[in-house]
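Read through the structure below, which is laid out as structure tokens, and then see the notes.
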Amino acid sequence: MDLSIVIPLFNEEESLPELAAWIRRVMEVHHYSYEVIMVDDGSTDASWDVVENLRKENAFIKGIRFQRNYGKSAALNEGFKAAQGEVIITMDADMQDSPDEIPELRKMIVEDGYDMVSGWKKVRFDNTFKKNIPSKLFNAAARRTSGIQLNDFNCGLKSYRRKVVKSIEVYGEMHRYIPILAKWAGFRKIGEKVVEHRARKYGITKFGWERFVNGFLDLFSIMFVGKFGKRPMHFFGLWGTFAFLFGLIIFVYLTITKFFFDQTGLTQRPMFFFAIMLMIIGSQLFLAGFIGELIARNSTERNNYLVEEKLGL
Ligand code: UDP
Ligand code: MG
């Protein structure tokens, strides 16, 4: 199968028929063998009925329905698990992404050798202040911390080599950082393509202003987990040692001033409390490190590396 198109959707009943028809046109023009996996993320409108009806007309359409709303990441993850195509395309259900981009996105994977290609909504049709400016900041932060040179991490329209989606797990709200997940999993050829962005025709956006706060918090988590997830002691131990040693040095200094320079009232000095605080924080960090190591040791992911090739085995 050439293509799997994964579409997460939450209350998008009006858009689905038009979107399905448009995708079908593109697929038929290019003679692709394909499947469209519509993942209904617990919609409360008639979206699932629409999916069922669409399948009656076109057997290439498949559906997964969640019991309740779990979020876009969960929907994508479930779609990735089911996908059978050689190339996987994700796109939003609200028709803000154009199916006409699919052939080029596929070509970049199959012919140009990219592992994943992310869309770039260079010209956006969203509210400038509510979205465009925070999104610029957010992308700059993601670029700096991850080292991946993308302009638009969170674009819903992306294409992947099959191996990529089968080796990453998108959880929480990590759909914003799939390029980073892919990089951590060892996929280095991450490309970008300018894509057409359209105004939302039906329905409303499903993400409010919290997206930016959450987005930044998630960026911290993902960078931390990626870097220290399998060796937490290297993080906590380092800072714990620093804090503890710094506190100890202050103590030694205070002791010297007492015994050799006859200073009194040691325990009245702010420095005394500062030293105690540092030593306590230092040992706490160490403890956090040990607990982190215990958790990492029990994690099912502790050894899920990807073997690229083997010789003579
Ligand atoms: N979506 C989803 N589950 C959610 C929220 C959103 O599956 O909990 C889908 C939504 O239906 C759409 C895509 O994710 O297909 C992007 O959402 P939206 O268009 O609201 O985001 P925006 O374009 O405003 O960034
Ligand atoms: Mg949208």
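The values are calculated or read from the model by the stated rules, or taken from the named source; none is laboratory data. Keep in mind the model is a prediction, meaning the values are calculated, not measured. For neighbour counting, all protein chains shown are included, and Cβ atoms are generated from backbone atoms with ideal geometry for every residue, glycine included.
Odds and ends about this structure:
- Test set (1) part of a helix (DSSP H, G or I); (2) in contact with a strand residue (DSSP E or B) (Cβ under 9 Å, 6 or more places away or on another chain) - Gly42 fails condition number: (1)
- Qualifying residue in the range 11-18 (condition: more than 13 Å from ligand 1 (Cβ to nearest atom), in contact (Cβ under 8 Å) with a residue 12 or more places away in the chain and not polar (S, T, N, Q)): yes
- In the range 49-77, residue nearest to Ala93 (Cα to Cα) [restricted to those that are assigned to a helix (DSSP H, G or I) and out of contact with any Pro (no Cβ under 9 Å at 6 or more places or on another chain)]: Val51
- Residue selected from the range 142-157 under the condition of a type in the set (S, T, N, Q) and assigned to a loop (DSSP other than H, G, I, E, B), by the criterion farthest from His31 (Cα to Cα): Gln149
- Where Pro134 falls short, out of the listed (1) in contact with a helix residue (DSSP H, G or I) (Cβ under 7 Å, 6 or more places away or on another chain); (2) in contact (Cβ under 8 Å) with a residue 40 or more places away in the chain; (3) buried (at least 18 other Cβ atoms within 10 Å of the Cβ): (3)
- Pairs, first under 18 Å from Tyr171 (Cβ atoms) in the range 206-217, second modelled with pLDDT of 80 or more and of a type in the set (Gly, Ala, Ser), C-beta under 8 Å, six or more apart: Phe216/Ala141
- Subset of the range 170-187 [more than 16 Å from ligand 1 (Cβ to nearest atom) and surrounded by fewer than 15 Cβ atoms within 10 Å (Cβ to Cβ)]: Gly186
- Figure legend. Inter-residue proximity from the range 254-274: first residues hydroxyl-bearing (Ser, Thr, Tyr), second residues part of a loop (DSSP other than H, G, I, E, B), beta-carbon distance below 9 Å, spacing 6+ or different chains. Indicated pairs: Thr257/Gln263.
- The range 50-80, residues that are touching a residue at least 12 places away in the same chain (Cβ under 8 Å), among the charged types (D, E, K, R) and surrounded by fewer than 17 Cβ atoms within 10 Å (Cβ to Cβ): Arg65, Arg68
- Of the candidates Asn132, Asn139, the single residue that is touching an Asp or Glu at 6+ places or on another chain (Cβ under 7 Å), part of a helix (DSSP H, G or I), within 16 Å of ligand 2 (Cβ to nearest atom) and farther than 30 Å from Gln67 by Cβ is Asn132.
- The residues listed here are Val164, Val252; of these, the one that is more than 30 Å from Asp45 (Cβ to Cβ), away from ligand 2 (no atom under 16 Å from the Cβ) and surrounded by fewer than 17 Cβ atoms within 10 Å (Cβ to Cβ) is Val252.
- Taken together, the residues in the range 113-129 that are in contact with a helix residue (DSSP H, G or I) (Cβ under 8 Å, 6 or more places away or on another chain), away from ligand 2 (no atom under 16 Å from the Cβ) and not in a loop (DSSP other than H, G, I, E, B) amount to 2.
- If only residues of the range 1-38 that are small (Gly, Ala, Ser) and not in a strand (DSSP E or B) are counted, the one that is farthest from ligand 2 (Cβ to nearest atom) is Ser33.
- Of the residues making up the range 188-224, just one is basic (Lys, Arg), within 16 Å of ligand 1 (Cβ to nearest atom) and under 17 Å from the mean Cα position of the chain (by Cα), namely Arg211.
- Boolean, Ala93 is within 21 Å of Tyr177 (Cα to Cα), near ligand 1 (Cβ under 10 Å from one of its atoms), buried (at least 20 other Cβ atoms within 10 Å of the Cβ) and not polar (S, T, N, Q): yes
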